[in-house]
Amino acid sequence: MNLNRWTLLLASFLLFYPQFLFAQAGSENEPVRYTGELMIDLIAHDGGLRPPVGVSNYQTMRANRTHPELADGYGWTYNHAPMLAYWNNTFYQQYLSNPVDEHIAPGQTLIVTSKDGQHWSKPQVVFPPYEPPAGTPMPKGCNGYMMHQRMGFYVAPNGRLLTLAFYGHAEDPFRKNGIGRVVREIYKDGNFGPIYFIRYSSHAEWNESNTSYPFYKKSPDVGFLEACDALLANKLMVLQWSDEDRGLDGFYTARRGGEALSYYHRKDGTVVGLWKWSLCGLSKDEGTSFSKAVKVPTLIMDGGKVWGQRTDDGRYAIVYNPTKYGEHRYPLAVISGDDGINFDTMLVVHGEVPPRRFFGRWKDYGPQYIRGIVEGNGNPPGDDMWLTYSMNKEDMWVSRVPVPIRYAVSGTVKDTFDDMDTDSVVGDWNIYSPIWAPVAVVAYLDSTNKVLELRDEDPCDYAKVVRVFQEGDSVEVTFRVLAKQSDKGTLEIELLDKKGKRPVRVWFADEGKIKIQDGCQVLEIGEYIADTWSTIAISADTTTQKYMVSLNGNTLIQTVFAEPASTLERLSFRTGPYRVEPTRQTVNEEYHDPLPHADEQVPVVVYQIDDVSIQ
């Protein structure tokens, strides 16, 4: 490249990002900086990124249109914008919901709960569709009432748990079309207190006389009033509200930096604010004021939310969709660092994109609108980071990310699962566990002998587990598999490289056959019998690009990699075929009928895994 072209590129960069003439990481001109590789694999759902060791992805709500009793009780299929809190030894997840489309009335907000983050309750409506007082006129251009909120929970200094939401007019609930923010208390017995307005939109003439719920000051509960007053006085916490109501009355003292504020405290006490579209700012006074939000060029993102927090090991993490493809929000990635300023090592938290079962307006593909537990809203047992997000704006999920965040392991793997508690965290295994395709450690024969079980009765998704092992150019892997059936189902077993490529492929096929991928061809190497253990041994060598498979002690074949790899580092088990759809070219707004049998469970298949040895 000649000097003139370099000069042109530099001038163009400074034209769009003039603050970087004087940028210093951690300053108002560049509050945060990502120093790792900026590019991801746009074809792969996981972005070609390594996963943090031991991440568990759990589905908390699976939408169901024709069998509402198996989901939310209503059959609504637009579900989005989840929030998370931990209080009274319980996880609380809040999300908003519409029948089919984004920003189309009616809308309501629901809550699901869990004691362990894995098993979740049936959703309960906490804020129902808005019913205005008789005679209340509908503003011009509005066609109903909806919910839209950037904040879901607040644990008050007096220990009370509040849940909040925002009522507005469809299709645009902001500014003059907003009504106000509502609040109610969640009691320790699981019941909810009365609904009150805690703040009316400053863009219109709303008050207690023309809205459906009383103002919070009418509550006779002194503790509830104290909790609400503490929230209103917390300028950093309420700044999350400014998307819906810009505060024409001066309620917000800090400037609105962008959309969907997330924040954390650096070790020096400075608040780092993160917004959509790569915007970032700093506050030295707990959110009373913020520096002008600047666009950070090393944070590649679009209109999906971004989440930042300090983790329990004293380090920091930022989680977001690192692409510019707004309708295709995948993968969900995390970067981490020591000081809350410099971040490195992008890893994939959730790299699965199952089919979107139901069409709806603006239902973007992928795991998105990420949120964790806001500072002060609880800290679950252990050092894990807990996250929540929607999938395809359809289903609700959470992720447990072990801390410290790491992508590599060393030494030999010998997993018998016997020392693990049943139905709990699966050691250093990465788990993808939909409601209809759960993953769990279960007892086999008796409580002293345990196995890792993958069940699957989901017509549109699968169960998946991954074991990270020490990266190397050769590996010896041995494990046992028991299939509860041999006439249906598929268990695909693969060895992966650091980019997620799959050079070694073995699978239990649905006709009782065991098959392998030999370069471009498929070979049958043996049979399996239902309820009978099969022992598989794989010896793979990247220097020769070959691998050898043994079944029950009998060496069967030496074969060629399905695709090239320079090293190997992961063992994967999956109850369905590898998927590439949707792609970045899949049209988001093109109508499609619900996927066939999307709401019906298929006959269950069960696979149990034991005695995994990797060296």
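Going through segment 553-567 one residue at a time, which ones are outside any strand (DSSP E or B) and modelled with pLDDT under 95? If you could, list the steps in order and put the result at the bottom.
Of the residues in segment 553-567, the ones outside any strand (DSSP E or B) are 553, 561-567.
Residue satisfying the conditions is Gly553 alone.
On the given criteria, is Tyr58 out of contact with any His (no Cβ under 8 Å at 6 or more places or on another chain) and closer than 22 Å to Gly382 by Cα?
In short, yes.
Would you say Thr211 is at pLDDT 95 or above and more than 27 Å from Ser121 (Cβ to Cβ)?
yes
Within segment 488-527, work out how many residues are in contact (Cβ under 8 Å) with a residue 40 or more places away in the chain, closer than 19 Å to Asp456 by Cα and surrounded by fewer than 16 Cβ atoms within 10 Å (Cβ to Cβ).
1
Could you tell me whether any residue of segment 258-276 is closer than 27 Å to Ile198 by Cα, assigned by TED's automatic domain parsing to the domain that holds Arg175 and at pLDDT below 95?
Yes, that holds for at least one residue.
Go over the candidates Arg579, Arg570 one by one and state the one that is surrounded by 14 or more Cβ atoms within 10 Å (Cβ to Cβ), part of a strand (DSSP E or B), outside the structural domain of Ala71 (by TED's automatic domain parsing) and charged (D, E, K, R).
Arg570
How do the pairs read when you match residues in segment 28-47 that are farther than 21 Å from Glu352 by Cα and assigned by TED's automatic domain parsing to the domain that holds Asn321 with residues anywhere that are acidic (Asp, Glu) and not in a loop (DSSP other than H, G, I, E, B), using Cβ under 9 Å and keeping only pairs 6 or more apart or on different chains?
Taking only residues 6 or more apart or on different chains, the pairs are Tyr34/Asp344; Thr35/Asp344; Gly36/Asp344.
Can you give me the number of residues within segment 125-165 that are farther than 17 Å from Phe192 by Cβ and part of a strand (DSSP E or B)?
2
Would you mind finding the one in Asp221, Asp229, Asp189 that is more than 26 Å from Gln124 (Cβ to Cβ), at pLDDT 95 or above and surrounded by fewer than 16 Cβ atoms within 10 Å (Cβ to Cβ)?
Asp229
Output the number of residues of segment 565-599 satisfying the condition of being of a type in the set (Asp, Glu) and within 30 Å of Trp533 (Cα to Cα). Give the steps one after another, and end with the answer.
The first filter runs over segment 565-599 and keeps only residues of a type in the set (Asp, Glu), leaving 569, 581, 589-590, 593, 599.
Imposing the further condition that a residue be within 30 Å of Trp533 (Cα to Cα) reduces the set to 569.
Going through segment 565-599 one residue at a time, the tally reaches 1.
Would you say Phe197 is within 30 Å of Gly304 (Cβ to Cβ), touching a helix residue (DSSP H, G or I) at 6+ places or on another chain (Cβ under 8 Å) and either of a type in the set (A, V, I, L, M, F, W, C) or free of Cβ contacts under 8 Å to residues at least 40 places away in the same chain (or both)? Explain how you work it out, then say what you get.
Details: within 30 Å of Gly304 (Cβ to Cβ): yes; touching a helix residue (DSSP H, G or I) at 6+ places or on another chain (Cβ under 8 Å): yes; either of a type in the set (A, V, I, L, M, F, W, C) or free of Cβ contacts under 8 Å to residues at least 40 places away in the same chain (or both): yes.
Judged against the criteria, Phe197 is a match.
What are the pairs, 6+ residues apart or on separate chains, where a residue within segment 63-81 that is among the aromatic types (Phe, Trp, Tyr) has its Cβ under 7 Å from a residue that is outside any loop (DSSP other than H, G, I, E, B)?
Close Cβ pairs (under 7 Å, with a partner that is outside any loop (DSSP other than H, G, I, E, B)) amount to Tyr74/Pro68; Trp76/Ser97; Trp76/Asn98; Tyr78/Ser97; Tyr78/Asn98.
Taking segment 186-206, which residues are farther than 25 Å from Asn89 by Cβ and part of a strand (DSSP E or B)?
Tyr196, Phe197, Ile198, Arg199, Tyr200 - these are the residues of segment 186-206 that are farther than 25 Å from Asn89 by Cβ and part of a strand (DSSP E or B).
Given the conditions (1) without any contact (Cβ under 8 Å) to a residue 60 or more places away in the chain; (2) on the phi > 0 side of the Ramachandran plot, report the number of the one that Gly54 does not fulfil.
Status for Gly54: all satisfied but (1).
Let's see how each residue does on (1) assigned to a strand (DSSP E or B); (2) among the aliphatic types (A, V, I, L, M):
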{"site": "Gly427", "(1), (2)": "no, no"}
{"site": "Trp436", "(1), (2)": "no, no"}
{"site": "Leu454", "(1), (2)": "yes, yes"}
{"site": "Glu471", "(1), (2)": "yes, no"}
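Checking the condition in the same structural domain as Phe417 (by TED's automatic domain parsing), part of a strand (DSSP E or B), surrounded by fewer than 21 Cβ atoms within 10 Å (Cβ to Cβ) and hydrophobic (A, V, I, L, M, F, W, C), which residue from Ala537, Ala530 passes?
Of the residues listed, the single one that is in the same structural domain as Phe417 (by TED's automatic domain parsing), part of a strand (DSSP E or B), surrounded by fewer than 21 Cβ atoms within 10 Å (Cβ to Cβ) and hydrophobic (A, V, I, L, M, F, W, C) is Ala537.
Output the number of residues of segment 65-119 satisfying the condition of being in a loop (DSSP other than H, G, I, E, B), buried (at least 24 other Cβ atoms within 10 Å of the Cβ) and in contact with an Asp or Glu (Cβ under 8 Å, 6 or more places away or on another chain).
Number satisfying all stated conditions: 1.
Run Tyr432 past the list (1) farther than 18 Å from Gly489 by Cα; (2) crowded, with 19+ Cβ neighbours inside 10 Å and report the number of the one that doesn't hold.
All conditions are met except number (1).
Among the strands (runs of 3 or more DSSP E) contained in segment 304-383, which hold 1 or more residues that are free of Cβ contacts under 8 Å to residues at least 24 places away in the same chain?
Details: elements: 307-310, 316-320, 332-337, 342-350, 367-371.
Those strands (runs of 3 or more DSSP E) span 332-337.
Is there any pair linking a residue in segment 122-133 that is free of Cβ contacts under 8 Å to residues at least 24 places away in the same chain to one that is of a type in the set (Phe, Trp, Tyr) and surrounded by 14 or more Cβ atoms within 10 Å (Cβ to Cβ), with Cβ under 6 Å and at least six apart or on different chains, and which?
none
Taking Tyr78 as the residue in question, decide whether it is more than 23 Å from Asp599 (Cβ to Cβ) and either touching a Ser or Thr at 6+ places or on another chain (Cβ under 7 Å) or not small (Gly, Ala, Ser) (or both).
Spelling it out, it is not the case that Tyr78 is more than 23 Å from Asp599 (Cβ to Cβ) and either touching a Ser or Thr at 6+ places or on another chain (Cβ under 7 Å) or not small (Gly, Ala, Ser) (or both).
The values are calculated or read from the model by the stated rules, or taken from the named source; none is laboratory data. For clarity, every value in this text was computed on a predicted model and none was experimentally measured. Using ideal geometry, Cβ is built from the backbone for each residue, glycine included, and neighbour counts are taken over all protein chains shown.
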